[in-house]
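Taking it in order: structure first as structure tokens, then the write-up.
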Amino acid sequence: MEQFATYIEYLTLEKNYSKHTVLAYQKDLEAFAVFCKKENDILYIKECNYAAIRNWIVYLLDLGVANKTINRKIASLKSYYKFLLKTEQIKVSPLLKHKALKTAKKIQVPFSEKEMSEVLKGFNFENTFQGKRDQLIIELFYATGIRKAELINLKISDVAVDQKTIKVLGKRNKERIIPVSSKLLKTIKEYLSYRREVSVKKETEELFITQKGVKIYNSFVYRIINSYFSRASSKVKKSPHVLRHTFATHLLNEGADLNAVKELLGHTSLAATQVYTHNSIAKLKKAHQNAHPRNK
């Protein structure tokens, strides 16, 4: 909608948000605008008060929308009203005193070391383009903890063989350098030798491509992870993000510094990284229970 054009431009150019994030914000704003027009005959949401927003929340709850999703939608509104304040289009945000809906905290369950070993050592990846590509995707997730989007957008030139590092373009176009092992570099070299044999439809620098020679995509990566780990794990959730969680958890379990893990993951705040300490704390509790004299 036209009323959000300047804001969308602000998110894209000044805030450097990804296309996916900008689109999510835009959809939330447009949905609220439609509701306001229909229920309150208000064309511009900058004219809405908190009562209108509260009615939207009730409407979403009646539809069965989860509290977490509603909080995300309200966060989109809050960001827009913050922009309106900044550009002096409103004097006070209608969400100034809003409190987020309570949500149940879901603990991500990482893959165990045994499950990782079963996939990486127990399965014989075929010495083919597809086999080596799948192997490298799994190894990269586990060895570096990169996000799915970061892996998809990796370029061949991002791999520095001599320095044993890869360059990753993270959220808000922030670059970070991640060290890689000699073992992982070996898999990269093996994959690249097969990649050269694939007929690429157009010249592409992306590291990972499909058998048809085009850049891999979200659902493609998810299917690969789900396919291999379904044979080794009974966990309900088997996704690239679980592998990222596994990377962080296993590092922390082995005594890695929390700040170092934060840098490797590309987090801007330590609070985001501390989510991954839950399993480490659980392991410490178990060790304490088994070893302390007062527990026997």
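The values are calculated or read from the model by the stated rules, or taken from the named source; none is laboratory data. Bear in mind the structure is a predicted one, so any value in this text is a computation, not a measurement. As a convention, Cβ positions derive from the backbone with ideal geometry for all residues, glycine included, and neighbour counts pool all protein chains shown.
A few remarks follow.
- Of the residues examined, THR187 is one that is crowded, with 16+ Cβ neighbours inside 10 Å, among the polar types (S, T, N, Q) and touching a residue at least 40 places away in the same chain (Cβ under 8 Å).
- Those residues of region 236-251 which are outside any helix (DSSP H, G or I) and touching a Phe, Trp or Tyr at 6+ places or on another chain (Cβ under 8 Å), in sequence order: LYS238, SER239
- Here PHE111 meets the list (1) closer than 21 Å to LYS27 by Cα; (2) surrounded by 13 or more Cβ atoms within 10 Å (Cβ to Cβ) almost entirely, failing just condition (1).
- Some residue of region 35-55 being over 19 Å from GLU9 (Cα atoms) and either under 24 Å from the mean Cα position of the chain (by Cα) or not assigned by TED's automatic domain parsing to the domain that holds GLU9 (or both): no
- Of residues in region 167-198 being of a type outside the set (Lys, Arg) and over 24 Å from GLU126 (Cβ atoms), the one modelled with the lowest pLDDT: ASN173
- Within the option set VAL221, VAL242, being over 20 Å from GLY131 (Cβ atoms), in the same structural domain as GLU139 (by TED's automatic domain parsing) and touching a residue at least 40 places away in the same chain (Cβ under 8 Å) holds for one residue only, VAL242.
- Any pair with Cβ under 7 angstrom, 6 or more apart, that starts in region 117-144 at a residue that is in the same structural domain as ILE225 (by TED's automatic domain parsing) and touching a residue at least 60 places away in the same chain (Cβ under 8 Å) and ends at one that is part of a helix (DSSP H, G or I) and of a type in the set (Asp, Glu): LYS132/GLU190
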